[in-house]
1. Kindly rank B:18-30, A:295-307, B:195-207 from highest to lowest mean number of other beta carbons found within 10 Å of each residue.
2. Over 19 Å, how big is the tail of the calculated P(r) for segment A:1-121, in percent of all Cα pairs?
3. How big is segment B:138-285 in terms of Cα radius of gyration and Dmax, in angstroms?
4. So how far, in whole Å, is the C-alpha centre of segment B:1-34 from the one of segment A:198-212?
5. Using a 10 Å cut-off around each Cβ of peptide B:131-141, what is the average number of partner chain Cβ atoms that fall inside?
6. Rounded to the nearest 500 deg cm²/dmol, what is the calculated helix-only ellipticity per residue at 222 nm for the protein assembly as shown, with -39500 (n - 2.57) per DSSP H run of length n ≥ 4?
7. Could you work out the relative contact order of chain A, using alpha carbon pairs under 8 angstrom and six or more residues apart, expressed as a whole percent?
8. For chain B, set up a GNM with springs between Cα atoms under 10 Å and report which of B:43, B:51, B:165 has the largest fluctuation.
């Protein structure tokens, strides 16, 4: 029983992460009918953005709550900007082309981020950004020193994994006779649920949410009704990317190893979660994420742990065959 | 050359014509170049066979490497199991050839079975969902291989006999291209093209869309299996890491670059990219970055690929064309 409860705790903690990433997939699919393959890599980029900010702030030596919040907000901003740029420069020019073209572009962006982040940085090549600037005849002002010193010479991070500094000390509690729960689990669960509720409020209770749902229903008619479709789509990407950043930092807090391909698997699995719950459906993505997290944890706990990566895809195929619209989705009829 | 005899001739003649040429090439090429040649051949087989699904039928498969893996592992099991086997009354070289041929056929058969498995979900799925199923299937195959003791788990099987040479690889290419060309010009090919152009309309016109999609998957998978089997008997090693999502994407890039639906486009793109990758071997880290940028720029500027659905001879002057076949649109 204790073991089962432990798996439930781990599964829910993993599932909330999947749910947060899945929300980004589901919202983008809702408005654009596009599988945004690059979403998992936005998640990765957000983790690195957080890592660089944390390094610049010196979180490793002097962690404070204020710094942790600064890292969170900074990483969310960076991810939002990246999501906006991807939509603006890669997807928008292809808006009226066949969907396949956009899908292929999405895969291209995903690969570009994954492998672009694996390129050697200036530091790895034995140079610093300041030297490069001086080589071009530019001088670096003193107050910019710390920033210029950290970011451009250690970016891109290269293929070796980095370790995210701990934002606060880890405390383990033992409850119910042997179930381990850490303060990281509690904080990440609360933060994730908080952001999900916030999103639920945005989508169903605000003017922007109404506009988003209208665009999702029919972009052309929404445009005729005076809804700024492009702005709504951009905002949807930003919102999804910000949630991915939250997920990335919650993961990086408890599993500090980050590398450029860390987004591949969680991205694919979160997509599975989104499909499982019914793609385009916000509560469905949350449900799908939790179910997937639990399923993975149970499979890893009670059978061979290396089957963990397979279960998500087995679930996906099963759902698509039995109920293609997902658990909470509504079946659609194709009309000519 | 019409009628049954002509058809048979058109299918057989390329093999007969290619064989002496390949023997000659085999004798002339130095070993490094023959390695590159086999690489090119494998990629051409992969690209042309993926084109059957992605180009002719208009579906989007991103799990081609999984079929490759199935073919490669099956063939590897056959050749390692039959290494000491000697066909009665044949010299060792001919006996090896028989064994290898059996292995290739077994690989193709198993891969087409896998293709059938993937094709079945397409009973209910379209477009993006089908793409995701192929991707998921690819991952599942990899997880299964990594957990099966007979298949060597994560380390794979090493010490395979080096059966693949220029002739085998070249004949594989000929077989694939003849298959694709004959398919495209046949009634069956027209059904696939109809599905690509408009699935709903095709169904309304009486095309068995589900059946043809499944068949396209099976055919494409069989040749992917052939490519896998040929590749691992050159490098004498088979591991699950060779057949990841990245490999599938490489093939997709080749098909997209050449133009979806164009056989010659796939051949040209596969050749160019393989040569480019070989020469970029030193700068391995830039390879995938260049790949992905190529893909994005191509989609933004010319989403139909270099050739679109046209073939190379469509660009030639009119009098050089023998017949107006092969045009899709």
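Just so you know, all these numbers are worked out from the coordinates, no wet-lab data involved. Only a predicted model underlies this, so the values are computations on that prediction, with no experimental measurement involved. As a convention, Cβ positions derive from the backbone with ideal geometry for all residues, glycine included, and neighbour counts pool all protein chains shown.
1. Details: B:18-30: 13.4, A:295-307: 16.6, B:195-207: 15.1.
Taking the mean over residues of other Cβ atoms within 10 Å, the ranking is A:295-307, B:195-207, B:18-30.
2. Details: 4268 of 7260 pairs.
When every Cα pair of segment A:1-121 is considered, 59 percent fall beyond 19 Å.
3. So, for segment B:138-285, Rg and Dmax equal 17.9, 53 Å respectively.
4. 64 Å
5. On the way: counts 5, 10, 6, 0, 6, 12, 4, 1, 9, 9, 2.
Average neighbour count from other chains, rounded to a whole number: 6.
6. On the way: 25 runs with 449 residues, N = 665.
After summing the helix terms and dividing by the residues of the protein assembly as shown, the value is -23000 deg cm²/dmol.
7. Numbers: 539 pairs, mean separation 118.0, N = 336.
Reported as a whole number, the value is 35 percent.
8. B:165
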